[in-house]
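Presented below is the structure to which this report refers.
Since every read-out is calculated from the coordinates, none of them should be taken as a lab result. Note that the structure is predicted; figures quoted are calculated from it, not measured. All Cβ positions, glycine included, derive from the backbone under ideal geometry; neighbour counts span all protein chains shown.
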Amino acid sequence: MQGKPLTRAEVNRKQVAVWLKKGGHDSGPKQGCLESDALLIEKLETMDASDGHENAPSAKKSGKTSLLDSGEDFEVLDEEDIDDDLPPLEDAGGGDGDEAENGEKKNADEESEASEQLDEWLDVLGNDQLKKKVLEAGKGRGSRPQKGQNVEINLKTSLMDGTLVEEQHNLSFTLGDGDITQALDLTVQLMEMGEKALIHTDAKYAYGARGSLEPEVPPNTPLSLEVELLEATDAPDVELMLPSQRIALAIRKRERGNVHYQRADYAFAVNSYSIALQITDSNSKVDISPEEEEELLDVKVKCLNNMAASQLKLDHYDAALKSCVSALAHQPDNIKALFRMGKVLALQGEYTEAIQTLRKALKLEPSNKTIHAELSKLVKKHSEQRGAEQAMYKKMLGNPTSSSGIQKSRAKSSWGLSWKWLFGATAVAIGGVALSVVIAARN
């Protein structure tokens with residue numbers, strides 16, 4: 001509710017009095033005021049010097065224009081509309097105090113956000129099949145790990161009814177490389193350092209339709225995972241690793257690819273094999289012996305062979321053929337590479353080249369029943385294809401077999417008629433001669 005209008009001077013006096021009171025002073029700008037108080041009042045008075053109001057003559061008597069004596073009218077504000085939380089005069093500059101206040105506000109916001117998240121489930125993929133819930137908040141968003149970093153966690157795996165499956169401490173893996181189940185690979189990226197979280201995952205993002213023997217998880221089983229993020233560090237530079245470390249790392253990635261292949265996750269298998277190949281192909285800035293080079297090459301060829309098998313399952317025939325060619329470039333007599341190359345060529349319809357490739361593989365290992373079976377099947381299919389092609393050609397040319405048969409029969413019939421006429425003429429001639437002889441004898 002508004003009262004009667006007050007002059008600007010009265011409003012200014014009231015505001016300055018409130019300001020000074022908050023600063024610890026009981027009176028206006030007298031001898032007991034701080035120097036900053038006097039400066040502020042002087043500033044206020046100087047600001048009003050430009051207004052040119054009715055009290056200008058009286059101000060001139062005192063030697064300066066006083067803002068407190070200004071005659072400009074303002075409406076009286078209700079108490080709730082007046083900001084009483086004015087800062088102390090010594091903090092009027094605002095620099096460090098504002099930063100501290102902003103920092104406190106930011107921390108308060110983060111704490112409130114963390115407390116809200118503690119009671120909420122996060123639907124990670126938006127399909128209600130992978131959910132995450134914070135049990136204990138971590139050190140903030142800035143502490144979240146990044147893809148490619150090596151992370152260390154404590155993991156407790158349980159069935160949805162609470163039955164403990166496995167408990168692992170200080171489990172280490174590379175984030176985003178597929179070294180772990182998809183559920184962990186996706187959710188650990190959303191965790192903060194020191195955070196404890198509960199994860200509910202569908203079997204699709206855990207051990208799938210096949211389940212697992214180690215740990216023992218039945219097929220198509222959803223799981224509950226309790227995770228604590230302990231540490232996240234940058235992955236080491238592969239070029240600076242010792243050859244033995246590079247070999248061991250490449251083998252681990254290849255074995256992880258084999259796990260994906262056995263679960264029919266062929267795309268993830270290709271990803272793991274690709275990472276292993278990057279490790280084997282990277283340049284080394286440390287000395288490496290010929291034996292270690294040979295071992296790295298052997299790991300590389302195995303990865304290429306396994307990648308070709310995965311690409312075949314995905315019907316990526318060109319990519320699979322490229323993997324086989326790369327493997328054979330290093331080991332021309334590699335039987336697995338020859339066998340898979342033969343299969344790829346056969347699937348592409350190149351039967352002649354496929355048969356030649358499989359025969360080469362069989363020559364290297366004559367007792368291999370798999371190559372025998374594949375070659376026999378391929379030869380039979382090739383023969384059937386050739387027969388079908390010949391029939392198609394005959395049909396396209398208008399059944400040349402039938403026309404040639406007709407021509408032969410016509411030729412035979414014409415020859416038959418010719419012989420009959422010749423025989424008849426000969427008989428007539430012989431009869432004429434015989435008749436002549438008989439007549440001559442009678443004469």
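Using alpha carbons only, the radius of gyration of the range 178-238 set against its Kirkwood radius gives Rg/Rh = 1.04.
Against the empirical curve 2.2 N^0.38 Å, the C-alpha radius of gyration of the range 301-343 lands at a ratio of 0.96. The residue 125 and residue 396 beta-carbon pair, evaluated with R₀ = 56 Å, returns a calculated FRET efficiency of approximately 0.50. Taking all Cα pairs closer than 8 Å and separated by 6 or more residues, the relative contact order of the range 231-357 comes to 20 percent. Expressed as a whole percent, the proportion of Cα-Cα pairs in the range 209-285 lying more than 21 Å apart is 48%.
When Lys and Arg each count +1 and Asp and Glu each count -1, what net charge do the other residues less than 12 Å away from residue 124, Cβ to Cβ, add up to?
-1
Relative to the compact-globule estimate of 2.2 N^0.38 Å, the Cα radius of gyration of the range 265-313 comes out at 1.28. Take every Cα pair under 8 Å whose residues are at least 6 apart in sequence, average their separation, divide by the length of the range 200-250, and the relative contact order is 28 percent.
Summarising the overall dimensions of the range 245-290 from its C-alpha atoms, the Rg and Dmax are 12.1, 39 angstrom.
Count the net charge of all other residues whose Cβ sits under 13 Å from the Cβ of residue 218, scoring Lys and Arg as +1 and Asp and Glu as -1. Counting the neighbours of residue 218, the net charge comes to -1. Share of pairwise Cα-Cα distances greater than 17 Å in the range 238-381 is 62 percent (whole percent). Here's the picture: a label point sits 7 Å out from the Cα of residue 172 along the beta-carbon direction, and within the range 270-296 nothing has its amide nitrogen under 11 Å of it.
Can you pick out the pairs among 300/343; 253/380; 253/363; 300/380 whose Cα atoms lie more than 28 Å from each other?
253/380; 253/363; 300/380
Between residue 196 and residue 286, what FRET efficiency follows from the Cβ-Cβ distance if R0 is 41 Å, with the result rounded to 0.05?
For residue 196 and residue 286, the calculated efficiency is 0.55.
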